[in-house]
Amino acid sequence: MTPPSPSLAFEHASPLARALVGAAVQHIESAGALDDAAELRQAFAAQPTRAAQVQARAWLLGRRLGLPQELARWRQWGGWVALALAVLIALAGLAAGRSVLAPDRSINAVAAFVSLLGLHALTLTVWLLGLLATLAGLHVRLGDWSLGRLALGLVARWPQGRGPHALDLWRGFGAVMQRQRLWPWLTGLISHGIWTAAFVLTLAVLAFGFAFQTYRLSWQTTILSAEFFQRFVQITGALPAALGFPVPDAQAVAQVGQAGAGFVPPAAGQREWAWWLMGCVAVYGLLPRALLALLSAWRWRAGVARLKGVDMADPEVQRIVRRLDALEPPPAVIDAEHPGAGAAAPAWPAAAPGAPGSWRAVGFELPPDQAWPLPPDPAAPPLHVSGSQAERQSALQQLAATRPQSLLLLVHAPASPDRGTARFVREAAALAQRAALWPLGAGDDQAHAGATG
């Protein structure tokens, strides 16, 4: 399906992985919005464009829900499931070849043709009908019966290591495939690849049997005429003959029809029958499956390349974009003629976000009489949060904009933390490379221990 070991980092994720996680998150949020305040700010600070920010937000939410890990599980088991199906189809082809090479060394040529190519023709017809329906924009589920769809469904529902949102990822996967019209190409790549391997094995069995044992190919009938079989061999042998395979002529077809009456056909004629049968398997079985596998691979790669963008006209995407717009800082007016009038000192250092040695100190819900224990630092003025939601959001936005390397959170030790405090501490710590908590007001010794520990 996809490469075997994905990275959990958004920057290293493939366009397909980003699209699948985004669709799965959108499906999950259709039942209720997720708490995404921290992910929204992190995506806003890390990505330059709205489209990338929307994708990064979905990826961060998906990582919290375990969706990238679920994709990794798909990749881990996908190859094994496809290999198992390939082995089963190959064994079926082997059984078909062995059934053709009967122990009594007598082969009904027409029955052998049908047994070797009948199931292949049926499944290929179903795939082609599903492809035409998809290209026509019809929602026909013929592809559900293909080997590729079966393999993908087994991987998604495989119980080993399956997470709680496995089916949400599967539904998101289906939505992406349906929207981009990629279902027939993905299922075709898997199905045709499996059938190609099966026909290679079948031809190897037939060639080995015909090369080292003597078989007598004939046709037998109760109600059909010899002209029917002559016409059948002529039509089916046209393409193999064009590629250089020997094909029995009308006289050879009429001769093998007398085999039941004790007639023994010449060995040269039997070689033509053997080559006709192998030519039909190669031309009508192996060749179309191999070509369709290559076509499916090409169309699949082209379709995956289209997954890089985001549908900015989607109403759900527009809702997220409006929330991202709200994180933009208000515009500042600068009077070039009077630079000193009304100009405030910069609240943040000029260093780039995440610069080595950068740090910030945040005093959270400290009492008014609490002395500030740190020496003043003009390059990193402290932030004071009294506890209101607006101050918390403002502090988190400034931390997301500067991304300090170190963050020191000073809190009131005797206070009882609540859920809001725990959320603020968690979200603020996620915006720095390292963070420390300093409880104040519990005695100098304890305060010092908390600051250094």
Sorted by accessible surface (1.4 Å probe, heavy atoms of the protein chains only), largest first, Trp219, Trp275 come out as Trp275, Trp219
Computed from every Cα-Cα pair in the stretch 174-250, P(r) in 5 Å bins starting at 0 and rounded to whole percents is 3, 11, 11, 13, 16, 13, 10, 8, 7, 5, 3
By accessible area (1.4 Å), largest first, Met312, Met278 order as Met312, Met278
Treating every alpha carbon of the stretch 152-195 as one equal point scatterer without solvent, the Debye formula yields log10 I(q)/I(0) values at q = 0.16, 0.22 Å⁻¹ of -0.50, -0.81
The equivalent-ellipsoid semi-axes of the stretch 7-59, taken as the square roots of five times the Cα gyration tensor eigenvalues and listed largest first in whole Å, are 17, 15, 9
Expressed to one decimal in nm², the mean projection of the alpha carbon convex hull of the stretch 356-432 is 5.2
Here the FRET efficiency for Trp359 versus Arg301, based on Cβ atoms and R0 = 45 Å and rounded to 0.05, is 0.45
Quick P(r) readout (the stretch 271-318; Cα-Cα; 5 Å bins; whole %) gives 5, 17, 11, 12, 10, 9, 8, 7, 6, 5, 4, 3, 2, 1
Counting only protein heavy atoms and leaving out ligands, DNA and RNA, the solvent-accessible surface of Val411 at a 1.4 Å probe, in Å² to the nearest 10, equals 30
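The values are calculated or read from the model by the stated rules, or taken from the named source; none is laboratory data. Being a predicted model, the structure only gives us computed values, none of them experimental. Here the Cβ is made from the backbone with ideal geometry for all residues, glycine too, and neighbour counts use every protein chain on show. To get the accessible areas, we keep the full protein, side chains included, count just its heavy atoms, and leave off ligands, DNA and RNA. Shrake-Rupley method; radii C 1.70, N 1.55, O 1.52, S 1.80 Å.
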